[in-house]
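Asks: Got a structure for you, questions after.
The values are calculated or read from the model by the stated rules, or taken from the named source; none is laboratory data. As the structure is a prediction and not an experimental result, all values here were calculated from the model. Cβ placement follows ideal geometry from the backbone for every residue including glycine, while neighbour counts extend to all protein chains displayed.
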Amino acid sequence: MSYVEELFDIRNRVFVLTGGGGVLAGAIGEGLAKAGAKLVLLDIRLSNAQERAEKILAMGGKALALESNVLDVKVLEETRDIILQHYGRIDGLINLAGGNMPGATISPQQTVFDLHITDFEKVLALNLNGTVYPSLVFGKVMADNRSGVIINISSMAAFRAITRVVGYSAAKAAVSNFTRWMAMEMAMKFGDGIRVNAIAPGFFIGDQNRALLINEDGTYTERGKKVIAQTPMGRFGEPDELVGAVIYLCSNASKFVTGVVLPVDGGFEVFSGV
Ligand SMILES: NC(=O)c1ccc[n+]([C@@H]2O[C@H](COP(=O)([O-])OP(=O)(O)OC[C@H]3O[C@@H](n4cnc5c(N)ncnc54)[C@H](O)[C@@H]3O)[C@@H](O)[C@H]2O)c1
């Protein structure tokens, strides 16, 4: 094995991906499988996760699809037991379940006072609790073994005030904060073998934001144009462009890195717009 291969080696490590049937999980899962990792794809919609797992199996990779709910600790504990029976270990958790809801956003004609409180709470719960609960259930296995990595998914909305997405922004800011807190807690109480980091994707076209950014004819919406104007690289991200950052954070290449929120955003976060 070359020096670089050894540094980034994640072969045979077992990674659990929540939201494993989603768009970003699809690209990240394929990347990790190509790098030789064994995957568990958890999703509340089992058929989505199964589809992703079948694709990985067809590529010669290893993947198990399981139905689970990141908002139910008991269900997560049952899922953990199934994974341990199947693979015997858990080396990492990537918290990809998350997203937005129309009622937790403010349309251009509305003001913040039109916010749907119930939807706001649901979005907070899915993105924040849905990251915290799996981190506790699967993180405990890592703490017992004194080894493992957790990667959370934050967002540009945690760094910058982005119009309309009030609930999602608050939740992702909390995910960034929880990442730092959990990194400190794990390292101080369970040693340097456990690391907790986050990735903050810029704008990638997914099922949740496609209609906001791209018209049916493929041209950009007004909002899409504004995003591109704010992105020094002048384009949206491709989901497979997250893979390198994930493998870096999963592997020994980042073995002294914990508590960071790494933007993968074509420069969106640093750009003043001028
Ligand atoms: N696409 C983007 O541009 C972008 C940008 C920044 C951050 N993100 C974040 O990245 C993550 C993945 O985004 P995506 O675009 O792939 O979304 P996606 O909607 O394609 O995938 C999310 C998956 O989570 C699953 N899920 C929902 N509730 C669940 C629950 N309670 N338990 C288990 N699974 C559940 C869904 O069924 C879905 O398969 C999300 O946290 C999202 O907020 C996306």
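Asks: Being under 24 Å from MET156 (Cα atoms), away from the ligand (no atom under 16 Å from the Cβ), surrounded by fewer than 24 Cβ atoms within 10 Å (Cβ to Cβ) and of a type in the set (Ser, Thr, Tyr) is the requirement here; does SER2 meet it?
Replies: For SER2, the condition - under 24 Å from MET156 (Cα atoms), away from the ligand (no atom under 16 Å from the Cβ), surrounded by fewer than 24 Cβ atoms within 10 Å (Cβ to Cβ) and of a type in the set (Ser, Thr, Tyr) - is not met.
Asks: Sticking with this structure for a sec: Hey, can you tell me all the residues within region 9-22 that are out of contact with any Ser or Thr (no Cβ under 7 Å at 6 or more places or on another chain) and crowded, with 19+ Cβ neighbours inside 10 Å?
Replies: ARG13, VAL14, PHE15, VAL16, LEU17, THR18, GLY19, GLY20, GLY21, GLY22
Asks: Any residue at all in region 108-129 that's at pLDDT below 95 and under 25 Å from LEU262 (Cβ atoms)?
Replies: no
Asks: Quick one: in region 252-274, of everything that is among the small types (Gly, Ala, Ser), surrounded by fewer than 19 Cβ atoms within 10 Å (Cβ to Cβ) and at pLDDT 95 or above, which residue is nearest to VAL14 (Cα to Cα)?
Replies: This residue is ALA253.
Asks: Right, something else. Keeping to region 201-244, report how many residues are surrounded by 14 or more Cβ atoms within 10 Å (Cβ to Cβ), out of contact with any Lys or Arg (no Cβ under 8 Å at 6 or more places or on another chain) and of a type in the set (A, V, I, L, M).
Replies: Count: 5.
Asks: Given the residues VAL123, VAL141, VAL137, which is the only one that is outside any strand (DSSP E or B), within 27 Å of THR221 (Cα to Cα) and hydrophobic (A, V, I, L, M, F, W, C)?
Replies: Every option except VAL123 fails the conditions.
Asks: For the condition closer than 15 Å to GLY92 by Cα and of a type in the set (D, E, K, R), what is the one hit in LYS34, LYS38?
Replies: LYS38
Asks: Residues that are within 16 Å of the ligand (Cβ to nearest atom) and under 24 Å from GLU238 (Cβ atoms): which helices (runs of 4 or more DSSP H) entirely in region 5-109 hold 3 or more of them?
Replies: So the answer is 23-34, 46-58.
Asks: Within the group VAL132, VAL137, VAL112, VAL123, which residue is crowded, with 16+ Cβ neighbours inside 10 Å, over 25 Å from GLU78 (Cβ atoms) and in contact with a helix residue (DSSP H, G or I) (Cβ under 8 Å, 6 or more places away or on another chain)?
Replies: Checking each option against the conditions leaves just VAL123.
Asks: Out of the helices (runs of 4 or more DSSP H) lying entirely within region 156-274, which hold 2 or more residues that are within 12 Å of the ligand (Cβ to nearest atom), in the same structural domain as VAL132 (by TED's automatic domain parsing) and closer than 22 Å to GLY19 by Cα?
Replies: Output list reads 166-190.
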